[in-house]
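See structure below.
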Amino acid sequence: MSAQPSLLTPRVLLPFAFITLIWGSTWIVITGQLGVVPPSWSVAYRFFVGAAAMFAYALWRRESLLLSGWAWGFAALLGLAQFAFNFNFVYRSEQHITSGLVAVLFALLIVPNTLLGRVFLKTKVEGRFLAGAGIAIVGVGMMILHEYRAATVGAGEVLLGTVLALSGVMSASTSNVMQGAKIARAQSMVVMIAWAMLFGALGDASFAWITTGPPVIETTPAYIAGVLYLGVIASAVTFPLYFNIIREVGPGQAAWSSVLIPIIAMGFSTVLEGYRWAPLSIAGGAVALVGLAIAVAKRPDKPSVSGGTVSVPVDKAD
């Protein structure tokens, strides 16, 4: 019987590291999408591109593009939660607070992911994981405190941006848990995500048209490149990998990417925007990493003694 995979299992760890690095870079790219084009249209363009790439990939794999029965409605709900509500909340929150603060707030995704995964998917939660998550949340809180103190906008703007970001967190968590459901596992992941992205993009476009009017596009190379990067690399490539991680180890462990992403995002900002790390940010990042190390560390097996012979159990992941 094969061992239950964990976050440190190579087939999980490698895609986990990749998506964390890519999503850590998106916060800077998203800021370049704000300005001439209303946020909802930028979100819509991103996921129309992502959906097109997913359908092309499914056709290349010669998969049927049809879903079965209730899976159509499931894909629509998944798409609205993940690709419409979540990202509209994120893009709008960055109109009120810094991308750094939004990224750090998203590190709290580990909380609802763990709780909802336990309630709806019966995901096992060990004491070591909870202890590590608690320590990481303290570190995240330190980073949030620094970003809050550094904010140049008023308290009202910070409060509104925070509420929007946390609404995005809950939308993302809902979709994360949905990916672990039996109905999702019964479908081709590529086809399910393709339809979910298309439904989400249609929801984004409908909302954008109602609230801001007809489509607006910025034809600058930077904006177009940003849409393509976010749509193809940061969506069509990464979401299948991320949802597969959820299916392998559960939404709680998968959400550790959200703890690492703000640290990576601040690293990109340091190089590209001249971001300066404050002692509180450094300490918070270090505490968060300690929490991660505790949460994913493998508990050593205890050897058993029988008839004078020491027998060591075969190593297996938690």
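Some notes on this structure:
- A convex hull fitted around the alpha carbon atoms of the range 171-291 yields 153 Å³ per residue.
- All Cα pairs of the range 12-51, percent lying beyond 11 Å: 69
- Cut-off 19 Å, label 7 Å out along Cα→Cβ of residue 18, residues of the range 175-192 by amide N: 189-192
- All alpha carbon pair distances within the chain were sorted into 10 Å bins beginning at 0; the resulting P(r) in whole percents reads 6, 25, 34, 23, 8, 3, 1, 0.
- Label zone at residue 206, where the point sits 7 Å out along the Cα-to-Cβ direction: the range 64-80 residues whose backbone N lies under 15 Å: 73-80
- Candidate residues 229, 148, 45, 242: accessible-area rank, largest first, probe 1.4 Å: 148, 229, 45, 242
- Working from the Cα coordinates of the range 98-149, the gyration tensor eigenvalues give, after taking √(5λ), semi-axes of 25, 13, 5 Å in decreasing order.
- Label-to-label distance for residue 222 and residue 61 is 3.6 nm, based on points extended 7 Å past Cα in the beta-carbon direction.
- Nearest-10 value in Å² for the accessible area of residue 11, using the 1.4 Å probe: 140
- Between the range 28-82 and the range 207-261, the alpha-carbon centres lie 9 Å apart.
- Placing one equal scatterer on every Cα of the range 122-209 and applying the Debye formula, the log10 ratio I(q)/I(0) at q = 0.12 Å⁻¹ is -0.67.
- Sorted largest first by accessible area at a 1.4 angstrom probe radius, with every protein chain in place, the residues 42, 188 fall in the order 188, 42.
The values are calculated or read from the model by the stated rules, or taken from the named source; none is laboratory data. Every value quoted in this text rests on a predicted model; they were computed, and no experiment measured them. Note that we place each Cβ from the backbone using ideal geometry, even for glycine, and neighbour counts take in every protein chain shown. When the accessible area is computed, the model is the full protein with side chains, heavy atoms only, and any ligands, DNA or RNA have been set aside. Shrake-Rupley method; radii C 1.70, N 1.55, O 1.52, S 1.80 Å.
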